[in-house]
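The values are calculated or read from the model by the stated rules, or taken from the named source; none is laboratory data. Bear in mind that the values here come from a model prediction, so they are computed numbers and not experimental data. Positions of Cβ are generated from backbone atoms using ideal geometry, with glycine treated the same way; all protein chains shown enter the neighbour counts.
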Amino acid sequence: MDAIEAESLTKYFGELLAVDHVNFRVKKGEIFGFLGPNGAGKTTTIRMLTTLTRPSKGTARVAGYDVLNEPLRAKQHFGVVPEVSNVYDELSVWNNLMFAGEIYGMSRTERRSRSDELLSVLALAEHSDKKARNLSKGLKRKLVLGMALVNSPEILFLDEPSSGLDVTSTRLMRDTIRQLAQRGMTVFLTTHNIEEANLLCDRVAIIVKARIVAIDSPENLKMTLDASRSVEIAFKKDPSGLQDWLKASNRVNAVRKDGDKWKVFTSNPSEFLDSLVNYLERERANLLSINTLGPSLEDVFVSLVTNAGKGG
Amino acid sequence: MDMASSEVRIRPVRYLTAAWAVARKDMRIYYFRPGNLMFGVLFPVFLFFSFAVGRDLPVEILIPGLTAMAMFFGSSSTGAMAIPTERKTKTYERLLVAPIHPISILLGQTLGGFIFGALFASVPIVLGIAWFGMPVASSPVLVLAIALSSFTFSTLGIMFAAIPTESPGDIMMLLNFVRLPLLFVSGIFISLDDVGDIGLVLAAISPLTYSNDLLRWAVGGTSYFGPAIDVLGIILFAIVFLALALLLHERVRKSDRTAGKRKRAKEAASA
Ligand SMILES: Nc1ncnc2c1ncn2[C@@H]1O[C@H](COP(=O)(O)OP(=O)(O)OP(=O)(O)O)[C@@H](O)[C@H]1O
Ligand SMILES: [Mg+2]
């Protein structure tokens with residue numbers, strides 16, 4: 001049994017298709033990332049998995065429990081860090097943690113020791129008596145994480161965990177997530193930060209316009225583009241017939257114009273450069289700049305996003 | 001950190017402990033909110049005195065009326081404040097993703113208003129006894145009357161809070177739209193002996209009527225309907241309000257109506 005299983009998960013808001021037949025499985029102990037641009041359907045997917053939004057179609061199982069038929073059982077096994085830091089502003093940090101434990105049915109002693117532990121792990125101890133309304137955005141985010149961990153869930157959902165955090169807080173958040181996963185917790189997170197997905201996730205699903213367009217490890221996703229490393233070239237003045245020549249070149253897989261630059265995807269940059277040199281001599285063209293680039297997760301992302309865009 | 005899962009079984013007592021946790025949280029956060037104090041405390045007190053002054057009513061009529069009104073406004077205001085506020089801050093979703101039954105959430109919120117109203121109601125009662133030498137014909141019935149009334153009025157507030165808004169003002173306004181007219185047909189300002197047939201029909205559909213009537217019986221020993229009908233009436237309203245509250249809250253929860261405001265909250269939070 002996998003920790004999270006989504007089958008044809010679909011959500012319509014009226015006419016709007018927010019999540020379109022999404023399928024994926026998250027293994028126990030895995031950090032699984034949902035990467036996509038704004039409005040792609042990341043939050044809606046998390047909300048369906050955490051029982052807050054009813055799917056229009058499809059099913060999902062979390063910790064083996066169907067979120068529609070056995071929501072209470074599923075809820076016992078996960079914690080949630082939502083998009084918005086939802087703490088009780090009027091309660092102190094300590095009382096927020098204690099209340100979070102209380103609604104999970106933990107005894108007072110359990111809650112006390114667990115809250116103490118979380119305060120020290122998350123470096124919140126010195127803020128324990130502060131009202132949550134007086135916390136900075138980063139501290140609030142940590143408190144929300146603490147509240148989600150109170151009952152030591154097996155599965156943790158995080159919707160843009162590091163959004164709005166500065167560099168230090170972001171690093172602490174990511175380190176904490178990594179440690180949790182090392183101790184066997186399954187982590188499902190959403191992000192539109194490619195670097196975050198790359199650094200943190202064992203596997204990434206790229207979601208664009210309500211659909212998953214790729215699921216794989218960050219490394220494998222980069223490999224899919226490895227066949228087409230890219231060379232970026234810019235001319236003082238584009239020679240006529242350049243585009244046709246590029247497209248006809250037998251080493252070139254794809255050509256894209258980025259501003260005044262041409263981005264040429266090729267499986268073999270050095271052979272392409274050789275033929276480019278010949279071409280330049282023949283056409284007496286002046287090269288302004290040239291750059292060879294390895295694939296980044298960003299390239300994968302951009303290529304998938306643009307391809308999904310073309311498909312409608 | 002110990003990440004071993006702590007398996008929580010849902011025992012019947014969990015329904016109550018979860019409800020109590022929610023109630024205590026609401027008590028801490030919302031009792032002293034300006035909106036609650038304004039509509040729940042000051043409003044009924046001023047309203048009452050503006051009617052009672054100069055009418056030379058006996059204390060056995062005056063205090064039960066004031067007590068019933070205090071609860072009618074006080075108990076129903078807490079939920080009406082808390083629920084939309086928590087929708088806005090998204091803390092409501094904290095309860096929805098916790099392994100607690102929707103009934104526990106509703107019951108907890110009801111308890112919050114119930115305790116507020118009951119505490120608030122004891123002020124005129126204690127003042128009446130200590131200061132004006134108010135008699136008490138039956139203290140058990142007095143306690144019962146306060147408990148039943150406060151609970152029922154609290155469920156009224158919870159029921160109205162199902163309206164999928166994030167603004168407590170919206171709920172308060174709609175609630176007053178109902179509370180104010182009911183106030184005038186419930187035999188507090190005009191005795192039920194003097195209202196005629198139509199007046200009695202109107203009085204019968206107001207929970208405040210039975211509350212006021214039962215309190216009069218508990219204090220002065222006389223009432224219009226008698227304690228049995230009053231108790232039944234109040235309980236009936238509690239059941240109807242609670243059932244409707246559950247139905248409406250569940251319907252709203254499943255309908256994406258409140259989820260639609262997420263984007264705004266997100267933008268506000270990151271601003
Ligand atoms: N309650 C709702 N009612 C109507 N439309 C909604 C609702 N919630 C989300 N949507 C729409 O569904 C689509 C997906 O939204 P969602 O919030 O899941 O995107 P996201 O990937 O989380 O975006 P972001 O990166 O901005 O958080 C968007 O077009 C959004 O406007
Ligand atoms: Mg989102």
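Quick one: B:GLY221 ticks every box in (1) surrounded by 24 or more Cβ atoms within 10 Å (Cβ to Cβ); (2) over 26 Å from B:VAL252 (Cα atoms) except a single one, so which number is it?
(1)
A quick yes/no check of all residues on (1) within 16 Å of ligand 1 (Cβ to nearest atom); (2) modelled with pLDDT under 95; (3) under 22 Å from A:VAL187 (Cα atoms):
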{"position": "A:THR50", "(1), (2), (3)": "yes, no, yes"}
{"position": "A:GLU83", "(1), (2), (3)": "yes, yes, yes"}
{"position": "A:ASP116", "(1), (2), (3)": "no, no, no"}
{"position": "A:SER120", "(1), (2), (3)": "no, yes, yes"}
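Any chance segment A:111-123 includes a residue that's of a type in the set (Gly, Ala, Ser), surrounded by fewer than 23 Cβ atoms within 10 Å (Cβ to Cβ), free of Cβ contacts under 8 Å to residues at least 24 places away in the same chain and out of contact with any Leu (no Cβ under 8 Å at 6 or more places or on another chain)?
yes
For segment A:31-103, which helices (runs of 4 or more DSSP H) that fit wholly inside it have 3 or more residues that are over 27 Å from B:TYR30 (Cα atoms), polar (S, T, N, Q) and assigned by TED's automatic domain parsing to the domain that holds A:ARG178?
Fully inside segment A:31-103 and qualifying: A:42-49.
Take the conditions within 16 Å of ligand 2 (Cβ to nearest atom), facing another protein chain (nearest Cβ under 8 Å) and free of Cβ contacts under 8 Å to residues at least 40 places away in the same chain and apply them to A:VAL84. Does it pass?
yes
If we only count helices (runs of 4 or more DSSP H) wholly inside segment A:197-304, which ones have 1 or more residues that are closer than 30 Å to A:THR170 by Cα and in contact with a Ser or Thr (Cβ under 7 Å, 6 or more places away or on another chain)?
By residue number, A:218-226.
Look at A:GLU5 and say whether it is outside any strand (DSSP E or B), modelled with pLDDT of 95 or more and acidic (Asp, Glu).
no
State which residue pairs qualify: first residue under 15 Å from A:GLY101 (Cβ atoms) and inside segment B:88-100, second residue polar (S, T, N, Q) in any location, beta carbons under 7 Å apart, and separation of 6 or more residues or different chains.
Between residues of segment B:88-100 that are under 15 Å from A:GLY101 (Cβ atoms) and residues that are polar (S, T, N, Q), the close pairs are B:ARG94/A:ASN86; B:VAL97/A:THR50; B:VAL97/A:THR51; B:PRO99/A:GLN76.
Look at segment A:1-17 and say how many of its residues are within 14 Å of chain B (Cβ to nearest Cβ) and crowded, with 23+ Cβ neighbours inside 10 Å.
2
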